[in-house]
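Below: the structure, in structure tokens.
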Amino acid sequence: MRVQGSVFWVKGLELSNISFYLNLQMSAPQNVIAVVFDFDDTLTDDSTTKLLESRGIDTAKFWKKEAAALLADGWDPTLAYLKLILDRVGPSKSFKRLTNSQLREFGSTLKIYKGVPKLFTDLRAIAIEHKLSNPVVEFYVISGGLEEIIRGSRIAKHFTGIWGNCLWEDPAVGYVTHIKNLVSFTEKTKHLFEINKGLVEKTRQEHYAVNELVEKSARRVPFQNMIYVGDGLTDVPCFSLIESNGGTPFGVFDPKKDGSPKKAYETLVATKRTTSTNSPHYGKTDDLGSLLRAAVKQICLRLDVESRTA
């Protein structure tokens, strides 16, 4: 290791401070359990569609005609729908002078799926029972929806980290005009690595920090301590990453929607991308709710065993 100014160099790797270097050499407790959710159609109905409906926009035309036309022209699906929203922002347009605070206010009106708030309490309580390894359960959201809507929801207070698409509010005009941050399919996996390496807040300002080398023994949340819950194809990269590294992925489908069970089976179950696929009901006696509680309990028991043999 050599020092140049206030920057440390270790075997050719530039590091901003010595504590990060030391973290590479020291093992972490690794007793944090991360339960990571998609948001739309996982914890609540599609919030973007609900937002469009609240402004009197024809959602069938928006998704099946306008968005579909952009996709046929080669647009990224996430960029396509965000463009169509921004096209409708302006003094004389559907969204008027749309602001981030208005998005948060709208988020507070969302109806959260059955059993979700109690799930947070129950999973934390399960961890508290395991005094040997002292595990901690944290909750995260990684969504292709609008982050400000999620942050305005009544369950936002439970999440250690929230990632979604962000719109930039131009101070010159006082409303949103551009895309600020984007969460696409594979972008979701980047945020899983941020959780894995314990960089949830750091990467908001240091965008390349997630690519820094962190030895597996020093990573705050091993992938095998992660549970991922999502509803479809946009979550497949996360399902694959979690499953291949010993974590637990759960698929969600809405049995009331035409084709949803068939789609869930064909894309998630038959291809073995998820542990199971269930309707989004999170109560203690519901299928998904009971499976999530059992999964957290199983991780806690493994951590207890590992703490005895450490």
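The values are calculated or read from the model by the stated rules, or taken from the named source; none is laboratory data. In this text, all values refer to a predicted model and were calculated from it rather than measured experimentally. As a convention, Cβ positions derive from the backbone with ideal geometry for all residues, glycine included, and neighbour counts pool all protein chains shown. Side chains are part of the model used for accessible areas, which takes the heavy atoms of the whole protein and leaves out ligands, DNA and RNA. Shrake-Rupley method; radii C 1.70, N 1.55, O 1.52, S 1.80 Å.
Numbers at a glance
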read-out	value
By average C-beta atoms within 10 angstrom, highest first, the peptides 288-300, 169-181	288-300, 169-181
Rel. contact order, % - alpha carbon contacts under 8 angstrom, at least six apart, the range 64-149	23 percent
Residues of the range 122-255: accessible area per residue with a 1.4 Å probe, Å²	41 Å²
Sequence ranges 210-216, 131-137, ranked by mean other-Cβ count within 10 angstrom, highest first	131-137, 210-216
Extension reserve of the Lys190-Ser290 stretch, reckoned as 0.36 nm per residue once the Cα distance is removed	33.1 nm
Linear extension gain, Lys96 paired with Leu182, 0.36 nm per residue minus alpha-carbon span	28.7 nm
The range 145-198, relative contact order [Cα under 8 Å, separation at least 6], %	26 percent
C-alpha center-to-center spacing [the range 61-76, the range 191-252] in angstrom	30 Å
Shape call, the range 27-76: gyration tensor on alpha carbons, a/c limit 1.5	oblate
Within the accessible area of the range 90-238 (1.4 Å probe), percent carbon and sulfur	52 percent
Of Lys216/Lys284; Lys197/Lys297; Lys118/Lys180; Lys202/Lys297, pairs whose Cα-Cα distance is over 27 Å	Lys216/Lys284; Lys118/Lys180; Lys202/Lys297
For the range 82-225: rounded, prolate or oblate by the Cα gyration tensor [a/c cutoff 1.5]	oblate
